[in-house]
Amino acid sequence: VTGCSVNPVTGKRQLNFYSEEDEIAMGAEADPEIKAQYGELDDPEIQAYVKEIGARMVPVSHRPDLEFHFTVLDDPIVNAFALPGGYCYVTRGILAYLNSEAALAGVMGHEVGHVTAQHGVTKMSGQSALGLGLAVGSAIAADIPFLNDIAGTTAQLLFLKYGRDDERQSDELGVQYATAIGYDTREMAAFFHTLDRLSPENGGLPGWMSTHPDPGERWVKVGELTEQEWAKVPGPRAIERDRYLDVIDGLIFGTNPREGFFSDKFFHHPDLAFRFPVPAGWAGQNTRAAVAVFETNQKAVFILGGLEAENAEAASSAWVSQEGVEDK
């Protein structure tokens with residue numbers, strides 16, 4: 001049947017409208033946009049450290065010939081994600097909450113698993129076949145649509161919601177891959193206690209985590225999977241807590257004030273050396289691409305950011321020409 005292929009992990013036939021070349025091209029196209037939006041962490045040691053762990057994992061995966069790319073994003077949100085074609089990301093935020101190299105390896109193995117099992121392109125193929133389009137959700141876009149600077153396919157890939165079965169399979173693959181290169185994945189299981197403390201009920205992880213299995217359930221399941229892998233793969237099994245803490249020593253925790261922050265009456269940007277007043281009662285949103293302040297009813301907005309235009313007049317014309325914007 002046209003659109004069917006064999007899944008590299010399960011060996012079973014699946015609906016897939018995309019060739020491996022298509023898959024790689026999607027990831028390659030989205031990668032620069034994601035790096036521009038979130039920024040790459042400016043720490044060569046941490047970047048090299050994460051890439052080294054990922055590079056060791058690829059040969060034991062189900063797609064050892066695929067070229068993978070591993071990047072640490074300079075974002076405080078506790079997150080890790082992967083795009084089709086071998087593009088895997090962890091954030092500065094998640095590094096601050098992990099306790100060991102073994103835990104990091106488990107997280108990275110989970111993201112590699114999304115790629116090897118082709119969860120992204122399979123999900124996209126299924127939704128396209130049903131004529132549903134892609135389910136896209138953005139915390140920024142939900143409140144301030146014009147601040148979502150990730151466009152088109154990149155946004156669709158980034159906010160594509162995996163099902164719980166996909167997440168469970170990636171947990172299983174994460175344990176398998178991390179164990180195969182010598183890590184103690186009980187550390188991966190322990191990290192789910194941290195995720196539980198960061199759950200929405202406790203004011204932590206945002207709503208998109210609702211697609212993941214319950215952290216408590218994952219802690220138990222990953223522990224069981226660890227025992228199963230240990231029965232197949234001989235030790236020793238490394239944790240490397242001290243090495244991990246040495247590498248991330250000095251990592252900024254939370255929002256980086258050097259990239260801009262709001263005080264009671266002003267927005268300040270130390271690195272770019274400017275500030276401006278914020279009207280009383282207005283809210284604000286700061287991203288790498290732009291900073292905006294707006295009335296709570298969103299009938300008025302002030303945006304300061306970089307636009308691709310020859311001059312200020314051209315930038316203004318491009319802005320007011322957008323759908324839903326009234327020039328008064």
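The values are calculated or read from the model by the stated rules, or taken from the named source; none is laboratory data. Please read these numbers as outputs of a predicted model, since none were measured by experiment. Here the Cβ positions follow ideal geometry from the backbone for every residue, glycine too, while neighbour counts run over all protein chains shown. Side chains are part of the model used for accessible areas, which takes the heavy atoms of the whole protein and leaves out ligands, DNA and RNA. Shrake-Rupley method; radii C 1.70, N 1.55, O 1.52, S 1.80 Å.
Taking 0.36 nm per residue of separation and subtracting the Cα-Cα distance, full extension of the segment from residue 303 to residue 77 would add 79.0 nm. Relative protection proxy for 39-47, 297-305, 91-99, from highest mean packing down: 91-99, 39-47, 297-305 (other beta-carbon atoms within 10 angstrom).
Accessible surface calculations at 1.4 Å, restricted to protein heavy atoms, place region 1-80 at 52 Å² per residue.
In region 1-76, the inverse of the mean reciprocal separation of distinct Cα atoms equals 14.7 Å; this is its Kirkwood hydrodynamic radius.
The slack between residue 25 and residue 265, meaning 0.36 nm per residue of separation minus the straight C-alpha distance, is 81.9 nm. Summing charges over all other residues whose Cβ lies under 14 Å from the Cβ of residue 42, with Lys and Arg as +1 and Asp and Glu as -1, gives -3. Applied to region 279-288, the Karplus parametrisation 6.51 cos²θ - 1.76 cosθ + 1.60 on θ = phi - 60° returns per-residue 3J(HN,Hα) values of x, 4, x, 8, 9, x, 9, 10, 10, 5 Hz, with x for Gly and Pro.
Expected output is a single nm value to one decimal: the length gained when fully extending between residue 36 and residue 320, i.e. 0.36 nm times separation in residues minus the C-alpha distance. What is it?
On the way: separation 284, 0.36 × 284 = 102.24 nm, distance 2.40 nm.
Extra length available between residue 36 and residue 320 comes to 99.8 nm.
Computed from the Cβ-Cβ distance with R0 of 35 Å, the FRET efficiency linking residue 194 to residue 313 stands at 0.10.
Here the label points at residue 246 and residue 67, each 7 Å from Cα along the C-beta direction, are separated by 3.3 nm in the simple model.
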